[in-house]
Amino acid sequence: MIAPIVPYAVRGTLWYQGEANTDDAGHYRALLAGWMADWREKFGAELPFLIVQLANYGPAATAPMESGWAELREAQRLAVAGDAHAVALGLALVWSTPTLIWLGDWASAQQAIDRLQTHARQNGLEAYQVLGRGLQGHLLIERGEFEAGLDLLEGLYQILQATGYGVLLAAYSVPLAWGLAQRGRLDEALLTLDRQITRIEAEGGSFDLAELFRAKAAILLTRARGREADAELLLSRSLEQARQQSALAWELRSATTLAWLRIRQGQVREAATGLSAVYSRFEEGFQTADLAAARKLLDWLGSSGPPA
């Protein structure tokens with residue numbers, strides 16, 4: 001199947017597969033490890049793999065039960081954990097940790113950051129040590145430890161700007177801008193986001209453009225006076241971008257921020273209607289930070305007091 005492309009260079013492999021193997025999950029770990037070894041033999045020993053575990057599927061169990069789906073996810077995890085390819089593991093940790101932070105699972109995020117730092121140090125991966133410090137800064141910002149978080153993020157951001165790594169620049173712009181705004185450095189915060197929005201729009205879009213629009217709107221609403229109209233326009237663009245990408249999670253974030261703006265404008269019914277329309281499209285993940293915050297706001301909109 002892959003013989004025609006073997007003569008070509010491959011920089012890396014993103015892999016999502018396994019649904020058809022859930023009936024025989026016990027053999028999957030060896031299959032996955034063997035497949036990675038085979039491709040490295042063909043494309044080079046340093047070929048990195050990013051293995052995406054199977055997503056949650058089906059109704060949530062109400063009691064302990066056997067699950068081929070869960071067994072296969074564990075087989076995927078074990079195959080990656082047993083892979084000696086240092087770069088691939090570092091790459092996986094760099095890209096999975098922000099998701100843990102986003103979900104509000106700070107304990108798991110800290111474990112992943114610690115693992116990344118140890119792995120990078122043991123394997124001499126200096127770039128991954130730098131990224132690990134940036135992830136630590138991101139987590140500190142989310143925890144409200146702004147000074148410590150900014151010390152780490154500003155150092156990383158300068159390095160990323162020097163190397164021109166645009167994808168990570170955009171990803172780290174939001175926590176950096178939020179931290180700057182919380183410390184009263186509003187102009188720097190807005191400039192940080194504006195630079196990335198301008199760059200991304202000139203280059204043809206990015207997966208997190210919707211979040212950049214939303215983050216700028218949130219900063220204007222919380223740290224600037226008289227900028228509600230600008231914030232509303234940004235949220236409109238954010239929602240449009242999220243819908244174009246079918247990015248429901250980004251859409252929920254923007255809808256939640258817009259709901260707070262509607263409340264400020266005295267449009268409580270519109271706030272509830274708009275947020276509920278997005279929230280109702282979710283079927284799982286209700287324990288995650290964004291969904292929990294949206295649910296809390298919706299509950300308040302139907303009661304008589306603000307959320308704590």
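The values are calculated or read from the model by the stated rules, or taken from the named source; none is laboratory data. In this text, all values refer to a predicted model and were calculated from it rather than measured experimentally. Glycine gets a Cβ as well: all are built from the backbone with ideal geometry, and neighbour counts include every protein chain shown.
Among the candidates Leu235, Leu221, Leu298, single out the residue that is within 29 Å of Leu186 (Cβ to Cβ), assigned to a helix (DSSP H, G or I) and at pLDDT 95 or above. The unique qualifying residue is Leu235.
Just checking, does segment 66-88 include any residue being surrounded by fewer than 13 Cβ atoms within 10 Å (Cβ to Cβ), more than 20 Å from the chain's Cα centre (by Cα) and more than 24 Å from Ala127 (Cα to Cα)? Yes, segment 66-88 contains a residue that is surrounded by fewer than 13 Cβ atoms within 10 Å (Cβ to Cβ), more than 20 Å from the chain's Cα centre (by Cα) and more than 24 Å from Ala127 (Cα to Cα).
Of the residues making up segment 109-116, one or more are in a helix (DSSP H, G or I), acidic (Asp, Glu) and assigned by TED's automatic domain parsing to the domain that holds Arg133.
Flag: Ala259 matches the condition of being buried (at least 21 other Cβ atoms within 10 Å of the Cβ) and either under 25 Å from Leu135 (Cβ atoms) or hydrophobic (A, V, I, L, M, F, W, C) (or both). Quick check on my filter: what residues within segment 20-46 are touching a residue at least 40 places away in the same chain (Cβ under 8 Å), surrounded by fewer than 15 Cβ atoms within 10 Å (Cβ to Cβ) and farther than 13 Å from Ala75 by Cβ? Selection gives Lys42, Glu46. Of all residues in segment 279-295, those satisfying the criterion of being in contact (Cβ under 8 Å) with a residue 40 or more places away in the chain and closer than 20 Å to Leu258 by Cα are Thr288, Ala289, Asp290, Ala292, Ala294. Inspection of segment 174-185 finds no residue satisfying the criterion of being outside the structural domain of Val80 (by TED's automatic domain parsing), farther than 25 Å from Arg262 by Cα and polar (S, T, N, Q).
Could you identify the single residue in Gly285, Gly226, Gly266, Gly205 that is in contact with a Leu (Cβ under 6 Å, 6 or more places away or on another chain), part of a loop (DSSP other than H, G, I, E, B) and either modelled with pLDDT of 95 or more or not hydrophobic (A, V, I, L, M, F, W, C) (or both)?
Result of the check over Gly285, Gly226, Gly266, Gly205: Gly285.
Between Leu239, Leu193, which is within 21 Å of Ser276 (Cβ to Cβ), in contact with a Ser or Thr (Cβ under 7 Å, 6 or more places away or on another chain) and not charged (D, E, K, R)?
On the way: Leu193 fails: within 21 Å of Ser276 (Cβ to Cβ).
Just one listed residue meets the conditions, Leu239.
Please go through segment 75-108 and pick out each residue that is without any contact (Cβ under 8 Å) to a residue 12 or more places away in the chain and assigned to a helix (DSSP H, G or I). Correct list: Ala81, Thr99, Ala107, Ser108. For Gly132, are the conditions met, namely being at pLDDT 95 or above, in a helix (DSSP H, G or I) and either within 18 Å of the chain's Cα centre (by Cα) or not assigned by TED's automatic domain parsing to the domain that holds Pro175 (or both)? No, not satisfied. Residues in segment 38-54 that are assigned to a helix (DSSP H, G or I) and more than 29 Å from the chain's Cα centre (by Cα): Asp38, Glu41, Lys42, Phe43. Every residue in segment 74-101 that is closer than 19 Å to Gly285 by Cβ and not assigned by TED's automatic domain parsing to the domain that holds Ile141, please. Listed by number, the list is empty, since nothing qualifies. The C-beta contact set for segment 159-188 (first residue over 28 Å from Ala92 (Cα atoms), second residue at pLDDT below 95, distance under 6 angstrom, 6+ apart or interchain) comprises Ala181/Arg223; Leu186/Arg223.
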